[in-house]
Structure formats: C-alpha cells, structure tokens
Amino acid sequence: ELEDSASKQFPIKTNTTGTVASGCALGDVEITDANVMKVSGPASVVNQIDTVAATINVDGMSTDITDRVTPVFYDAQGEVVDTTKLSVSTVNISAQILNTKDVELEFLTTGTPADGYQAGDITYTPQKVRIKGEAAILNTINKITIPEEVLDLTDASSDIEKTVDISTYLPSGTALVISSDSKIDVTVVVEAVKTKTLQI
C-alpha cells in the first residue's frame, strides 16, 4: 500500500519530569543542538503532528544535567502520534539547576505627606520571597530593595495602598521561584500628627 510522502519542520518544545533536590530550583531548560526537527514520512502520519516535545527527568537533581532523548509527537488534541513509520532522531536537552535563597524585602518612600500628617508603618505581604540563581550571585544578596519612587507620599492625607510588581527590581541573574510572589500588597500608614499641650 503506497501513499504520498510529506515533510515538515517543527520547533521542539521542552518539558521536565520529577522534582529537583531540596533547596534547588529549576532554571533554563533548552535543546542544545538544533531546536527544530524535520519530519518526513507518510503524509497521513506527518499531517497528524501538531507539536513536538522533548522531556528531561530532573528528579532529585542538584546540579545541571544534560541528556539525549527521543522527542514525542502530539496531535492537535494532545494525543501521542504513532511514529513507528517515521524516522525519528534523538536530541540533546539540558536543564539548569539553580540554588535558592529566602530574602527579605525593603520598601523605601519619597515625598512628604500633607500638612498635619506623617508617615507611619509600612506593611506588606509576603515579607520574604524565595529567589533562585547561581550560588555565587545569591551569596551577595541579603535583601531586595524597592526604590523610593515606587511609593510617593507627596501630599498624602490617608493610607496609601498599592500592589507592587517586584520582578523588575530583582538583582541581575536571579528570578523568583514562585512567579506569583512578584505581586506584593503594600500599605503605608499616613496618620494625623497628634499634638498635646502640657501645663508647666
């Protein structure tokens, strides 16, 4: 039984399985050779392919890992395509394993509240975030400071509440382990100045 042949190119997506060692976090996962795969074979099979993915196992890993794996082909519904009639080559895939560190946040303020008012406490949640990066970089970081222009108290006469995205203020070479931690709810208490007259 004969049928038309077909040939297509597909970008190779990267996936991981498993959980890295305690105290570590997953960094970049990439194909280290050509990240595009050319697939040739019977048209009925090739035309089913929608995506190509390569998966690397990082379970328990605490250092960078590289492996050579056979990509898996999926159709538009996410079902695995039978590639027994195709000539499929393997690819090199690497996973970067980074250290992690919990660091405190520091918010600075600028500006002066309205007459008769003063700035009080600054509260925010969470107070610490977990970042990932190379050990040499993490060792130099003790806290993440949010610059003063983010919280401007000029002429304020009531509390200032703001959600701050701290992701742009992370030190170079680091990233948040939990991306949702980037949004920090901050409240700056602005209270009336109290005076009291005492009799001498």
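The values are calculated or read from the model by the stated rules, or taken from the named source; none is laboratory data. Bear in mind the structure is a predicted one, so any value in this text is a computation, not a measurement. Glycine also receives a Cβ, built like all others from the backbone with ideal geometry; neighbour counts cover every protein chain displayed. We work out accessible area using only protein heavy atoms, side chains counted, and drop any ligands, DNA or RNA first. Shrake-Rupley method; radii C 1.70, N 1.55, O 1.52, S 1.80 Å.
Note down the relative contact order for the range 1-141 as a percent, whole number, built from C-alpha pairs under 8 angstrom at least six residues apart.
Working: 277 pairs, mean separation 36.7, N = 141.
Value for the range 1-141: 26 percent.
Picking from VAL81, THR19, MET37, whose Cα lies most toward the positive end of the charge dipole for the chain (charges on Cβ: Lys, Arg +1; Asp, Glu -1)?
Highest projection toward the positive end goes to THR19.
Need the list of aspartates and glutamates near LYS85 for cross-linking: C-alpha distance under 18 angstrom, and skip anything on the same chain fewer than eight residues off.
GLU1, GLU3, ASP4, ASP50, ASP75
A 21 angstrom limit on the alpha carbon distance is what I want to check against. Which of LYS128/LYS183; LYS162/LYS196; LYS143/LYS183; LYS128/LYS162 exceed it? Intermediate results must be reported in sequence, preceding the final value.
On the way: LYS128/LYS183 12 Å; LYS162/LYS196 32 Å; LYS143/LYS183 17 Å; LYS128/LYS162 17 Å.
Beyond 21 Å between Cα atoms: LYS162/LYS196.
Where the Cα atoms of the chain are projected onto their three principal axes, how long is each span, largest first, in whole Å?
110, 33, 22
Can you compute the charge dipole magnitude of the range 54-127 about its Cα centre, using +1 on each Lys and Arg Cβ and -1 on each Asp and Glu Cβ, nothing else charged? Give it in debye, rounded to the nearest 20.
380 debye
Using 0.36 nm per residue, how much length does the chain from ARG68 to THR112 gain when fully extended, once their Cα-Cα distance is taken away? Please list the in-between numbers first.
Working: separation 44, 0.36 × 44 = 15.84 nm, distance 6.01 nm.
Length gained, ARG68 through THR112: 9.8 nm.
Solvent-accessible area per residue for the chain at a 1.4 Å probe radius, Å²? All intermediate terms of the calculation are to be shown ahead of the outcome.
Working: 12340 Å² over 200 residues.
With the other protein chains kept in place, the chain gives 62 Å² per residue.
Residues of the range 57-95 with backbone nitrogen within less than 17 Å of a virtual label 7 Å along the Cα-to-Cβ line of LYS8, please, listed as ranges.
Only 71-89 fall inside the zone, counting backbone N under 17 Å.
Carbon-plus-sulfur fraction of the accessible area of the chain, 1.4 Å probe, in percent? List each step's numbers first, then the result.
Values: 5410 of 12340 Å².
It is 44 percent, rounded to a whole number.
Could you name the lysines whose alpha carbon sits less than 18 Å from that of LYS13, not counting residues in the same chain fewer than 8 places away?
LYS13 reaches LYS38.
Distance in nm between label sites at GLU148 and GLU134, each 7 Å beyond Cα in the beta-carbon direction?
3.4 nm
Mind listing which trypsin sites (Lys or Arg not before Pro) in the range 156-200 are in a DSSP loop and have 10 or fewer other Cβ atoms within 10 Å? Display every interim value, and only then the final one.
Details: sites: LYS162, LYS183, LYS194, LYS196; in loops: LYS194, LYS196.
Taking the range 156-200 and a limit of 10 other Cβ atoms within 10 Å, the loop trypsin sites (Lys or Arg not before Pro) found are LYS194, LYS196.
Averaging sequence separations of C-alpha pairs under 8 Å and six or more residues apart, then dividing by the length of the range 1-73, give the relative contact order as a whole percent. Working shown, then result.
Numbers: 113 pairs, mean separation 32.1, N = 73.
Over the range 1-73, the number comes to 44 percent.
What dipole magnitude, in Debye to the nearest 20, does the chain give about its Cα centre under +1 on Lys/Arg Cβ and -1 on Asp/Glu Cβ?
For this selection, approximately 400 debye.
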